[in-house]
Structure formats: structure tokens, C-alpha cells
Amino acid sequence: MSEVFPRVPVMATASTAAARAVSPAVEARGLVKRYGDVTAVAGVDLTVPAGTVLALLGPNGAGKTTTVRMLTTLLVPDEGTATVAGVDVVADPREVRRRIGLSGQYAAVDENLTGFENLDMVGRLYHLGRKRSRERAWELLEQFDLTDAAKRVAKTYSGGMRRRLDLAGALVAEPPVLVLDEPTTGLDPRSRNDMWELLTRMVGGGTTLLLTTQYLEEAERLADDIVVIDHGRVIARGTADELKTQVGGQRVEVVVATDGDVDAAVAVLHEVAVGELQVERRARRVTAPVTSGTQVLVQVLQRLGEVGIVPLDAGLRRPTMDDVFLTLTGKPADEVAGVDEPARPVGEGVRP
Amino acid sequence: MSAVGVVLADSSVIAKRNMLKITRIPDLLVGTLISPIMFILLFGYVFGGAIDVPNYREFIVPGIFAQTVIFGATITGAGIADDMQKGIIERFRSLPMAQSAVLVGRTASDVVLNVIVTVIMSLTGLVIGWRIRTSFLDAVVGFALLLLFAYALSWVMGLLGLLIRTPEAFNNLTFLTIFPLTFITNAFVPLETFPGPLQTIAQWNPVSTLVQAARERFGNVPPGTELGTWSLQNSELYTLLWIVVILAVFVPLATRQYRRAAAR
């Protein structure tokens with residue numbers, strides 16, 4: 001079968017690397033998807049150079065998943081074009097599927113099959129052949145630390161194990177392009193960290209990775225480039241550093257001891273702020289963007305002393321991805337997250 | 001490998017997965033295997049005394065065969081709805097496999113299940129006095145007709161599973177449709193007992209003609225049975241026509257819906 005379905009080698013040789021330098025692993029131009037009156041994706045452009053990691057960052061309902069579904073042939077775009085691994089997603093979807101590995105938002109493992117059976121089945125459906133499918137299943141179980149659980153049905157797996165099995169499923173055919181839709185959503189912090197380490201190791205091997213996330217930390221940690229998307233549009237793009245520079249300046253952050261002190265702290269920081277203040281009442285934390293660093297901090301501490309406030313914590317910091325998000329969307333990341341998802345009008349439990 | 005070869009190879013992978021799955025869910029297995037035995041015993045002995053048919057237990061066994069394989073066909077839809085809900089279909093759709101393989105494999109594995117169930121029902125039937133009074137070949141044709149009809153229906157169920165997307169809702173719907181479909185027939189009582197319009201429906205209901213054809217092939221038609229309509233006089237042909245029409249309509253519809261289903 002492998003003669004008929006040639007597999008694309010993962011390790012790029014010098015010549016293919018040169019070829020990919022001119023044609024990126026993923027390229028999308030003006031992608032649009034509408035659901036009735038709702039425009040889920042309103043003209044998204046993306047370029048992922050081969051061997052790099054791109055994070056599509058945005059809150060729920062921003063259009064991330066819809067974009068990914070168009071790139072992975074699960075959804076036909078209403079407008080625009082896209083190529084993945086050099087193949088047009090609309091013209092030749094099956095060839096695209098041969099060259100990608102997809103792992104969705106919910107771990108789509110068959111819980112009544114064992115870990116081994118799940119991966120073996122995926123290998124057969126990639127047409128790797130009986131022998132190679134088995135070998136590959138064991139390799140991946142080993143690599144993903146699931147060998148001990150290989151013969152247990154996936155129903156008995158923890159959330160983290162299911163996610164690893166699902167990810168392993170995406171890697172069965174050693175695809176040159178890997179697409180992960182919110183790979184750590186729903187995982188506990190420890191499993192999330194494990195997953196990040198796993199992904200970091202993986203992309204070190206030269207795979208192109210496109211991932212979506214609503215976690216700023218995740219984008220910052222894994223991605224070479226970040227595309228921020230909101231309401232179906234790209235609102236910013238660049239490296240984490242570039243995005244922070246785009247937002248500019250530094251922040252003075254003050255945490256006070258009592259609720260009553262918050263207003264006083266707001267008043268003090270107003271005097272030095274060059275932009276909007278960020279007030280987190282429950283944490284009793286006030287943050288202000290400022291122009292010059294340390295003198296401002298000294299000035300703030302003096303003023304606080306004059307009005308009789310001893311802050312629990314006060315400091316100067318560079319903008320975080322949260323600040324980037326706040327500046328770009330006008331809302332903090334955790335406030336934007338959780339709004340309705342127009343990209344998913346139907347289907348329970350099935351990924352949009 | 002040819003396109004047909006790919007479809008067959010992929011479908012067999014899916015069918016194997018479904019069979020494995022059945023062995024992993026003991027409840028399902030026990031329910032599927034025990035319930036036909038229970039039905040044969042319950043109907044044979046509970047209604048047997050009240051319904052005026054000579055040798056009622058022999059009369060009813062082909063009826064229960066038909067009802068059971070038709071319920072067996074609904075497993076296709078419930079399984080597909082479950083796969084939709086859990087995102088398994090989405091994973092399949094992202095693989096370079098044949099697009100029709102999920103449905104072809106699913107319907108095929110449900111035939112295998114129906115064969116096993118039919119064997120168990122036949123043995124139970126033999127124990128309570130049901131007999132094949134014709135030839136071996138006739139019996140094979142009778143069983144083939146039952147399985148073929150169920151196979152055709154499983155494509156209808158597959159389409160419904162793709163549309164409904166949750167196994168609970170799917171099971172509710174099939175409960176409400178399959179019971180009338182199999183009860184407004186000659187499966188459990190003679191057609192003469194139905195009141196006017198209901199009798200006409202029952203006479204033209206393909207489940208009635210399936211049961212009639214099976215009884216003829218097994219030699220279980222009670223003496224003096226009236227065959228008032230063309231459908232019953234030509235029960236085998238009429239049933240086969242239904243099978244062909246159902247397959248011709250629902251195979252393409254279900255396949256098209258599969259392509260669309262996850263693509264919303």
C-alpha cells in the first residue's frame with residue numbers, strides 16, 4: 001500500500017528543507033466561514049513556515065477551531081484559499097489528510113478499545129499496513145509513556161493519559177504538519193506541564209505545529225509565532241516579545257492589604273499612569289502602565305506612604321501576555337474567555 | 001490498491017473495531033443475546049394461550065426473528081450517534097481513509113451480530129417446538145431475507161444516527177418507531193384481527209410481508225391463512241423490492257450525510 005500512498009518523510013533533507021523555505025507548511029489567505037448570520041471566521045490569513053510552531057491565540061468563540069477545521073479539511077471555507085504541506089485543502093482533501101495529524105479539543109479516543117488497539121486502528125486507516133501499524137503503535141506507546149497501560153481499555157485512563165493517547169494518534173503516520181486544537185484544555189496543571197514538555201520535545205524534531213489555545217502562557221511557552229484572533233479576525237501577530245513591545249512600556253503593580261486601600265491606591269497610580277489602570281478588587285491589585293521605570297516606582301511608594309498605605313507588594317514588571325490581550329481586545333483574557341461560541345451552533349460533545 | 005479495495009480494507013478495520021467494542025461492553029452483549037431468548041419464551045407462553053392460531057409457538061418464532069433483527073439494525077444508528085457525540089467520527093474524518101468505510105463497516109458488523117442473535121433465537125425456538133418444515137435451502141433463503149431486510153434498515157438507522165447525534169435521543173426515537181412498525185404486522189397476531197384501516201396498513205407493511213415470506217420458507221404458515229393483498233401473495237418479491245428501494249435511497253443519503261455531518 002505504501003507504494004500507492006507514499007508517506008512524506010518527517011525529517012527534512014537539505015533539499016526539501018530548501019523547498020519548504022519557499023513554500024510554507026501552512027498557508028491560508030482570506031479564510032471566511034459563515035453560519036447563517038454569524039460570521040465565525042472573517043478573513044483569516046496565516047503562514048506557518050516549515051519546522052516552526054504557530055499558536056492561534058484567542059478566547060472561546062474567537063474562531064480558532066473553525067479556522068483549524070478548515071485547514072484540516074473538516075470544513076469547507078466559504079471564501080479564501082489554504083494549502084497545507086503544499087496541498088490545497090479544497091481541491092485535494094484526502095491528500096491533505098495523508099500529510100497531517102490532528103488532535104481535537106476533546107480526546108477522541110475510543111474508550112472501549114485498549115491504548116494499543118486505538119493506535120493500531122489509526123495506523124491501519126492511514127494505510128500503513130498491518131505490520132507497520134503494530135510496530136508504530138508500540139513505538140508511540142513507549143514514547144508517550146503508555147506502555148504499561150497499552151492493554152487496558154482507554155476508559156480506565158486518566159484525563160492526561162487520554163490526551164497523550166489522542167496526541168499519539170495524531171503522530172501515527174509521522175505527519176509533516178501537526179495540528180492540535182487546545183491540546184491542554186481541561187487538564188490539571190501537572191498534566192498540562194507534562195504535555196508542554198512532550199510538545200517541546202516533539203517540535204525539536206522538526207515537525208511543523210499549528211496549535212490553538214486560550215492560554216497565553218501556553219502560546220508563549222510553545223510557539224515561535226503567535227496570531228491573536230478575536231471575533232473571527234486576526235488582531236495581532238508576531239513573537240511573544242514583539243507583541244509585548246507592541247503594547248509597550250512597563251507596569252507598576254501594587255497590592256494593598258485592605259479593600260479600603262484599593263481606592264486610595266487607584267488614586268495614587270492615576271497620577272503616574274500613561275494608560276488605563278487595571279484594577280483587580282478581589283486580589284486588591286492595581287496595575288498601571290508607566291513610561292519610565294524605577295523613578296516612577298519610588299514616586300509611587302512615596303505617595304502611598306503619604307496617604308498612609310503600606311503595600312503588601314509593589315513592583316515593576318514588563319508587560320505579560322495578559323496585558324497584550326487586554327490592550328488588544330479591551331478585555332482581560334479571562335473575561336473574554338467563556339463567551340458563547342458562535343462557531344459551534346450544533347452538536348453536543350462533538351468538536352465544532 | 002484500487003478504490004474498492006481501500007473501501008473494503010478500511011471497512012473491515014471499522015467492523016473489527018465495532019466487534020471488539022461489543023465484547024468490551026458486557027451489558028450490551030448480555031442484553032443483545034438474552035433479550036431474544038426472553039422474547040421467544042414470553043410471547044410463546046404468555047400470548048400463546050390467548051391467541052387463536054394453531055401451533056402459535058411455531059407461528060410466532062419467525063415474527064420474533066423479524067422484530068429482533070430489525071431492532072438489531074438500530075444498533076448501527078445508536079453506535080454512530082455515540083461516535084458523533086464522542087468526536088470519534090471527527091477523528092475518522094481527519095484520516096485519509098475511505099469516506100464510506102465508517103458506514104459500510106458499521107452496517108457489516110451489525111449483520112455479524114444479527115447472525116449470532118439469529119442462531120441463538122433459532123436454538124431457543126427449536127427448544128420450544130418451532131421447526132423448519134421445508135428444505136435446508138429454503139431455510140437459508142428465509143434467514144438471508146431476514147438479515148438482508150435488517151441490513152437495508154441499518155442504513156436508514158445510520159442516517160438517523162448521523163442526524164440525531166446523541167445515542168439517548170436516537171434510542172427514544174427508534175423505540176417509538178420500531179414498536180409500531182413491528183407490531184402493526186402479522187408477526188404476533190393474524191392480520192384478520194386488525195380493525196379496518198389498520199389491517200390495510202399491516203397488509204402492506206413490509207415487515208408483515210417479511211414475516212410471511214420467512215414463514216413460507218420455514219414452512220410455518222398456519223393452514224387457512226388469508227392472503228388478501230398482492231403484497232402478501234408475493235411476499236418475497238414485495239419484500240425484496242422494499243430492500244432494493246431502501247438501499248438505493250439510503251446508502252447515498254447516509255454517505256452524503258456522513259461527509260456533511262461533522263463538517264458543520
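Just a few scattered comments:
- Single residue of B:Thr118, B:Thr74, B:Thr23 found to be within 22 Å of the chain's Cα centre (by Cα) and at pLDDT below 90: B:Thr23
- Output for segment A:92-101, where each listed residue is at the interface with another protein chain (Cβ under 8 Å from one of its Cβ atoms), in a helix (DSSP H, G or I) and open to solvent by less than 20 Å² (accessible area, probe 1.4 Å): A:Arg97
- Scanning segment B:22-74 for residues that are within 14 Å of chain A (Cβ to nearest Cβ) and of a type outside the set (S, T, N, Q), we see that the one that is nearest to B:Ile178 (Cα to Cα) is B:Leu28.
- Filter pass, B:Gln67 being modelled with pLDDT of 85 or more and outside any helix (DSSP H, G or I): no
- Within segment B:180-193, tally of residues that are of a type outside the set (Val, Ile, Thr) and not in a helix (DSSP H, G or I): 4
- If you go through segment B:25-58 and keep only what is more than 15 Å from B:Val127 (Cα to Cα), surrounded by 14 or more Cβ atoms within 10 Å (Cβ to Cβ) and of a type in the set (D, E, K, R), you end up with nothing.
- Segment A:241-261: number of residues that are surrounded by 20 or more Cβ atoms within 10 Å (Cβ to Cβ) and not in a strand (DSSP E or B): 4
- Applying the criterion of at least 2 residues that are at pLDDT 95 or above, more than 14 Å from chain B (Cβ to nearest Cβ) and over 24 Å from A:Gly51 (Cα atoms) to the helices (runs of 4 or more DSSP H) found wholly in segment A:130-204 leaves A:130-143.
- Entirely in segment B:76-179, the helices (runs of 4 or more DSSP H) that have 1 or more residues that are away from chain A (no Cβ under 11 Å) and out of contact with any Asp or Glu (no Cβ under 8 Å at 6 or more places or on another chain): B:101-128, B:136-164
- Conditions (1) surrounded by fewer than 18 Cβ atoms within 10 Å (Cβ to Cβ); (2) away from chain B (no Cβ under 11 Å): number failed by A:Val89: (1)
- Residue selected from segment B:234-258 under the condition of a type in the set (A, V, I, L, M) and over 30 Å from B:Ile88 (Cβ atoms), by the criterion farthest from the chain's Cα centre (by Cα): B:Leu237
- Qualifying positions in segment A:110-127 - more than 8 Å from chain B (Cβ to nearest Cβ) and at pLDDT below 95: none
- Filter result (small (Gly, Ala, Ser), outside any strand (DSSP E or B) and either in contact with a Ser or Thr (Cβ under 7 Å, 6 or more places away or on another chain) or open to solvent by 10 Å² or more (accessible area, probe 1.4 Å) (or both)) within segment A:40-68: A:Ala50, A:Gly51, A:Gly61
- Residues that are of a type outside the set (Asp, Glu), out of contact with any strand residue (DSSP E or B) (no Cβ under 8 Å at 6 or more places or on another chain) and not in a helix (DSSP H, G or I), drawn from segment A:102-129: A:Tyr106, A:Ala107, A:Ala108, A:Val109, A:Tyr126, A:His127, A:Leu128, A:Gly129
The values are calculated or read from the model by the stated rules, or taken from the named source; none is laboratory data. All of these numbers come straight from a predicted model, not from anything done at the bench. Cβ atoms come from the backbone with ideal geometry, glycine included; neighbour counts cover every protein chain shown. Only protein heavy atoms, including side chains, enter the accessible area calculation; ligands, DNA and RNA are left aside. Shrake-Rupley method; radii C 1.70, N 1.55, O 1.52, S 1.80 Å.
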